[in-house]
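Take a look at this one; I'll ask things after.
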Amino acid sequence: MIAALKSFTDRLLGRGDATITVPSFDGALKPNQILENAEIVAQFDAPEDLATDGKALYIADGAVILRLDGAATTEVRRFDRPVTALCCLPDGGIAVALDGREVQVFATPSAPAATVTFSDSSMQAINALAPGPGKTLIATDGSTARPYRQWVHDLMERGRSGRVLVLDPASGSIRTLASGLAYAFGACAGGNDIFVSESWRHRVIAFGADGSPRTVLEHLPVYPSRLSPAASDGFWLTAFTARTQLVEFVLRENAYRRRMMAEIDPEYWIAPKLKSGQSFLEPMQGAHIKTMGVVKPWAPPRSYGLVIRLDADGVPRYALHSRVDGVNHGIVAAVEMDGALFAIAKGPGRLLRVRLAGIEQELRG
Amino acid sequence: MQDALLRLRYRYWPDHLLGEILSKRWTETAIPVIVLLIITILLSRAIPGFLSVGGLADTGRQAGEIGFIVLGMALVVIVGGIDLSVGSMFALCDFCALFCLNVLNWPVPAVIVATLACGAALGAVNGLLIGYLRLRAFITTLITLIIYRSAYDLLLFDYSNTIAAAFPDFPSWNFVGGGVVAGVPSVVLVYIVVAVFGHVFLTRLRPGWHVTAIGGSRRSAYNSGIPVRRTIALCYTASGVLTSIGALFFAARLGTVGGDVGVGLEVTVLTATVLGGISLGGGKGSVAKALVGTLIVLFVINGLTTLSVSGGVNRMVLAGVLLVAATIDIRWLKNRTRIISKVYVSPTYHGLAPAASTAPGSGPFAQNDRLRDVTLIGLGRIEAPEDVILDRNDNLYAGSRHGDIMRFLAPDYQEMEVFAHIGGQPLGMAFDRKDNLYVCIGGMGLYRITPERKVEKVTDETNRSLYSVNDDSRLRLADDLDIADDGRIFFSEATIRYEMDEWPVDGLEARGNGRIICYDPNNGTTRTVLRGLKFPNGICIASDGQSILFAETFGCSIKRYWFDGPKTGKVETVIDNLPGYPDNINLASDGNYWLAMVGMRSPALDLAWKMPGFRKRMGKRVPIDEWLFPNINTGCVIKFNERGEVLDSLWDLRGVNHPMITSMREHRGYLYLGGIANNRIGRYKLEGADPGFVQYDRRWGKSK
């Protein structure tokens, strides 16, 4: 009763959950243009995920898995469906998620057939895979209501059906570690915990060995996505898009949101995107006006590029940005290899490389 | 169905009036008036005959007497002081009147003059001490209160018996005391005259403004050259005179001098002043407030006395009312502007049909990249050229946001000079027959620059509309213009509710807030000819010379208005439902018209325009930088004819040089492009256009 009353007054006065404020990029998230100025390693049609076994880089591009050695890319395998997640396993194998509905594990990247196939009718949007404790595999299922490619629908429907699954290749069993998440997108094991990005709640949570969740990092100004381990303790957290007050406002305007979803092409919704500025049919906000030939980098981000370096406790140390006036937006995956960070900017379809030597001193000094 | 209901509700319910009414200064008096009404209703129910003619006349007499003193007190409080000595002055003036009449046996006019002089002298003492010697008002008047009261007591001791023994019987004196004209007591009549003058004085006359200015900020008033000391001294003197008028009527009515005359009067008067809403901080107040305060206090006192409430309780109630009223008043004054800012912006329903496609190969609007090959003029040197125009010597003129008209010299347009400095953002421009350059200046009005570079104001106001709450006579956002054959100038004013930098708020409202105005140089008049337009913008005289084509930016349409000929006064739609927001219209060499599109429609905003509630909440909760805006980052130029057919379009799709285009002019085979948020002017070679086309020559003939 009191909770209902509180939510009513909150909505009336714009307090509590009804606030539309978005934290600013501050402290460790202070903006720079490192991602925007990053080296472009390669260009792809539909890059989706990255993985590394420490020696080579594997890239999921559409239905193909490519291997990058130095500058040369070779096709490793090809599927009949788009790959939505990819990870390298400690035993030298790889795991892939196909169209979000099926997970296949291969003994080696080029093994002729899958050793195990997990396919469960409830799997809808498997969007990240990571090796878990005891030879298991952790998978995040963003939503059980919408397929992976319709993540923006899930956001605008205020989806709360994300899950974290633990797959056991030895027995072929699937265990649900958590459900009811507001879009689970990205997982990574660290210590005894499993770190998971909960995108629509703008936070990173961790599940302990007993399965109990705790919040590691919250009130992010972005929608966090895939996580990967950093070479020296800690994680890389990607953010595939950023929050704006207008989107937060529309999320609370049910009538408008319903009509928008029913009447307008999703391309032109008031919603976060992986790339923006492609068409004048997209919604424009006040600060987006190009003045004297310049787009302001601090304008509200319809799309954004961001990778955050977290320490082992999940505390941000620094961040790499591509700001609103840039193009390297929609960072969905980042892995560290050979002293460099490789990241996929899904917006422009680029694979980026940032040399990490001295970068922390430069940003935190 | 729901849409239709919404449309009707927003068409017939004037949401925008609430904010406009609340932003009127007189609504500050709203709370005291409501309190007065409540008290009147309560008392008239509790006391039979409270509102009868006799009762009212009696109240009126007292109200008049106290009312004069409240006026004086109000004046002093507005100028930033306080006068505690009114009670003692009242007593002394009362004594003076009766002494002159009863003891000296002066004629009535002389008595009146003497009493007024006495009041003026007593007030002048306060004025000298506070105004010129700059003593603290509170202490000074407290001291004069004591001194005057002592003087009164001494005089009373000597003369009370003499005064009480005489029974003067002059009809004129009796008229002052109890006379009635058409049922209205004489005192009320005089009060009305004084009050009306006081109102005019405070609101319309220079000394009145000085009084308010000094009360608002003494130092600023001094710095702006107002004679602060003299004005303050005169205010206290006036307070003394007004008190003496009250005393005069009191003396004539009762004819007594007693020990209790005027005792505690300052508290009653001060209560009335504060109750009326005259802030003790100074600088705020009006005659109406003083009147309302007086009536509240009198009604409460008289009402409670009639109800046989004892004096102590009476005063307690008065104090209670004062406390409540002061609290409400302070809250109201403090939050008034916040309330206004919350309710002033009132979006309305604005339904547009889906726009024509602009996909490549889809028709006249099909996107292309033809404007990529423009040469740039003044890149980085000119800022915000909303309109561009060329004279018949091929020189190029453009406005800048620094308030200048810049001129680029022919033939290569490399040399730039300030042609004239005006001070406001220049918008639309047009040459008249005599080479005068007429310019619409945002926030200032319509200006003219002669060939000798002399800047002259043409007009900055029009006739006030009959039914508008806001004073809409001043021009807020004159936007574009064109000149008819007989010299009449038709110009658009984009909005009458907002300033130029607030255009997005007008877009949020999407109400017809704009108008088209005609300035007639033949008799110097300015008249509004069309109202209720959705951000009227570009204007161009049509080929018949009897009508204008005008663009409604947020209406996404081109319309035609006849000012002469058989169709005078008619408005017809030429093009409806454009895919973008039309801006300036200008003549093309082939007899068609160029139209600049400042931006393009987006489905998200089209939908929001159909949902006023959504926009209202957005306006309140989302900062303006994050509002959903009309997309003005991509524009284009189209060519159309008077039949409403779109013939061609020119785009800069990548938006490198001309993301938004607010104007264009054709001149000798080239198209010149301007944009209000841009820092360059584009020059585009038109294939197949008349290489000799000069707009001035086409319009006014090749002269000289």
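Skipping prolines and chain starts, which residues have an amide H placed within reach, meaning under 5 Å, of the one on A:Leu86, given they are 5 or more residues away or on another chain?
It is A:Ala97, A:Leu129, by chain and number.
Okay, next question. With the dipole of the protein assembly as shown worked out from charges on the C-beta (+1 for Lys and Arg, -1 for Asp and Glu) around the Cα centre, which of A:Trp151, A:Ala345, B:Ile38 lies farthest toward the positive end?
Of the listed residues, the answer is B:Ile38.
Given the C-alpha centroids of the range A:173-231 and the range B:10-37, what is the distance between them in whole angstrom?
Cα centroid to Cα centroid, the span is 54 Å.
Separate question: Using the alpha-carbon atoms, what tilt in degrees (0 to 90, nearest 10) does helix B:311-344 show relative to the longest principal axis of chain B?
10
What is the mean number of Cβ atoms from other protein chains located within 10 Å of the Cβ atom of each residue in peptide B:601-613, rounded to a whole number?
Mean partner shielding for this stretch: 5.
So, how do all the Cα-to-Cα distances of the range A:313-356 break down into 10 Å bins, in percent, from 0 on up?
That works out to 26, 52, 21, 1, in percent per bin.
Now a separate question. Considering only B:Val343, B:Tyr159, B:Leu605, whose Cα is most displaced toward the positive end of the charge dipole of chain B, charges sitting on Cβ of Lys, Arg (+1) and Asp, Glu (-1)?
Comparing the listed Cα positions along the dipole, B:Tyr159 ranks first.
I'd like the Karplus ³J(HN,Hα) series for the range B:67-84: coefficients 6.51, -1.76, 1.60, θ = phi - 60°, whole numbers in Hz, and an x wherever there's a Gly or Pro.
After applying 6.51 cos²θ - 1.76 cosθ + 1.60, I find x, 4, 5, 5, 4, x, 4, 4, 4, 5, 5, 4, 6, x, x, 7, 10, 8 Hz.
For A:241-252, what's the mean count of beta carbons from other chains sitting within 10 Å of each residue's beta carbon?
Taking the mean over all residues of the peptide, I get 3.
Run the count for the range A:29-364, please: Lys pairs, Cα-Cα under 27 angstrom, 8 or more apart or on different chains.
Taking the Cα cut-off of 27 Å, the pair count is 15.
Any idea how far the Cα center of the range B:319-358 sits from the one of the range B:201-248, in Å?
33
Set the Förster radius R0 to 25 Å, insert the Cβ-Cβ distance between B:Arg204 and B:Asn463 as r into 1/(1 + (r/R0)^6), and round the FRET efficiency to 0.05. Could the numbers behind the result be given before it?
Numbers: r = 21 Å, r/R0 = 0.82.
Efficiency, rounded to the nearest 0.05: 0.75.
Report the charge-dipole magnitude of the range B:1-138 in Debye, nearest 20, computed about the Cα centre from +1 at each Lys and Arg Cβ and -1 at each Asp and Glu Cβ. Show your work: numbers first, answer last.
On the way: 9 positive and 8 negative charges, 70 e Å.
My answer is approximately 340 debye.
Can you pull the semi-axes for the protein assembly as shown, root of five times each eigenvalue of the Cα gyration tensor, sorted largest first, whole Å? List each step's numbers first, then the result.
Values: eigenvalues 1045, 368, 120 Å².
Semi-axis lengths for the protein assembly as shown are 72, 43, 25 Å.
Amide H of A:Met337: which non-local residues (sequence gap of 5 or more, or other chain) have their own amide H closer than 5 Å, using H built in the peptide plane?
The list, which skips near neighbours in sequence, is A:Phe342.
Isolated Cys in chain B by the 4.7 Å beta carbon test?
For chain B, the answer is B:Cys93, B:Cys100, B:Cys235, B:Cys440, B:Cys518, B:Cys540, B:Cys556, B:Cys636, because their Cβ atoms have no other cysteine Cβ under 4.7 Å.
Measure nothing fancy, just the Cα-based angle from helix B:30-46's long axis to the longest principal axis of chain B, in degrees from 0 to 90, nearest 10.
50
Shifting gears a bit: From the square roots a ≥ b ≥ c of the eigenvalues of the alpha-carbon gyration tensor of the range A:136-177, which class results: rounded (a/c under 1.5), prolate (a/b over b/c), or oblate? The partial results should precede the final answer.
Details: a/c = 3.93, a/b = 2.84, b/c = 1.38.
Prolate, since a/c reaches 1.5 and a/b exceeds b/c.
Then there is this: List the lysines whose alpha-carbon lies under 24 Å from that of B:Lys24, not counting same-chain residues fewer than 8 positions away?
B:Lys284, B:Lys289, B:Lys334, B:Lys342, B:Lys616, B:Lys620
If you stretched the chain out fully between B:Phe138 and B:Leu307, how much longer would it get, using 0.36 nm times the residue separation minus the C-alpha to C-alpha distance? Could you put the intermediate results ahead of the total?
Working: separation 169, 0.36 × 169 = 60.84 nm, distance 3.52 nm.
Gain in length upon complete extension: 57.3 nm.
Something else: How large is the charge dipole for the range B:136-268, taken about the Cα centre, if only the Cβ atoms of Lys, Arg (+1) and Asp, Glu (-1) carry charge, to the nearest 20 debye? The partial results should precede the final answer.
Values: 9 positive and 5 negative charges, 185 e Å.
My answer is approximately 880 debye.
Taking the Cβ-Cβ separation of B:Ser44 and B:Val571 as r and a Förster radius of 56 Å, what is the calculated FRET efficiency to the nearest 0.05? Present the calculation step by step, with values, prior to reporting the outcome.
Details: r = 53 Å, r/R0 = 0.95.
After rounding, the FRET efficiency stands at 0.55.
Additional query: Could you tell me how many cubic angstrom of Cα convex hull volume the range B:2-342 has per residue? If you can, show how the numbers build up before the last one.
On the way: hull volume 59.0 nm³, N = 341.
Cα convex hull per residue, to the nearest whole number: 173 Å³.
For B:Lys559, give me every one of the lysines with a C-alpha distance below 16 angstrom, ignoring sequence neighbours fewer than eight places off in its own chain.
Excluding near neighbours in sequence, the set is B:Lys534, B:Lys567, B:Lys570, B:Lys639.
Whole-Hz Karplus ³J(HN,Hα) for the range A:164-171, in order, using 6.51 cos²θ - 1.76 cosθ + 1.60 and θ = phi - 60°, x for Gly and Pro?
Using θ = phi - 60°, the values come out as 10, 10, 10, 9, 10, x, 5, 9 Hz.
Can I get the semi-axes of the range A:214-365's equivalent ellipsoid? Compute them from the C-alpha gyration tensor as square roots of 5 times the eigenvalues, in angstrom, largest first.
On the way: eigenvalues 179, 64, 39 Å².
In descending order the semi-axes read 30, 18, 14 Å.
Tell me, what is the Rg over Rh of chain A, with Rh the Kirkwood radius over Cα pairs?
Details: Rg = 19.8 Å, Rh = 20.8 Å.
With Rh from the inverse mean 1/r over Cα pairs, Rg/Rh is 0.96.
Given R₀ = 41 Å, FRET efficiency for A:Ser171-A:Phe8 by Cβ-Cβ distance, to 0.05?
Working: r = 49 Å, r/R0 = 1.18.
Efficiency, rounded to the nearest 0.05: 0.25.
Read phi for every residue in the range A:189-196 and hand back ³J(HN,Hα) as whole Hz from Karplus 6.51 cos²θ - 1.76 cosθ + 1.60, θ = phi - 60°, with x for Gly and Pro.
My calculation for the range A:189-196 gives 7, x, x, 9, 9, 10, 8, 9 Hz in order.
With unit charges on the beta carbon (Lys/Arg positive, Asp/Glu negative), name the residue among A:Ala72, A:Gly100, A:Ser173 whose Cα is farthest towards the positive pole of the charge dipole of the range A:29-364.
A:Gly100
Suppose each label sits 7 Å from its Cα in the direction of the beta carbon; what would the A:Ser279-B:Asn522 distance come out to in nanometres?
With each label point 7 Å from Cα toward Cβ, the separation is 5.3 nm.
Oh, and also: Counting only residues 5 or more places away or on other chains, whose amide H sits under 5 Å from the amide H of A:Tyr223 once H atoms are built in the peptide plane?
When sequence neighbours closer than 5 places are left aside, the close amide H contacts are A:Phe240, A:Thr241, A:Ala242, A:Arg243.
How big is the C-alpha Rg of chain B next to the rule-of-thumb value 2.2 N^0.38 Å, as a ratio? Don't skip to the end; give the middle numbers.
Values: Rg = 34.1 Å, N = 704, 2.2 N^0.38 = 26.6 Å.
This ratio for chain B stands at 1.28.
Taking the Cα centre of each part, how many Å lie between the range B:456-533 and the range B:110-141?
The distance from the Cα centre of the range B:456-533 to that of the range B:110-141 comes to 51 Å.
Extension gain A:Arg258-A:Ser110, at 0.36 nm per residue separation less the Cα-Cα distance, in nm? Before the final figure, lay out the partial values.
Working: separation 148, 0.36 × 148 = 53.28 nm, distance 4.60 nm.
So the chain would gain 48.7 nm between A:Arg258 and A:Ser110.
For helix B:287-306, report the angle its Cα long axis makes with the longest principal axis of the Cα atoms of chain B; keep it between 0 and 90° and round to the nearest 10°.
With both axes taken from Cα atoms, the answer is about 40 degrees.
No lab work stands behind these numbers, since they all come straight from the coordinates. Just so it is clear, the model here is predicted, and its values are computed rather than measured. All Cβ positions, glycine included, derive from the backbone under ideal geometry; neighbour counts span all protein chains shown.
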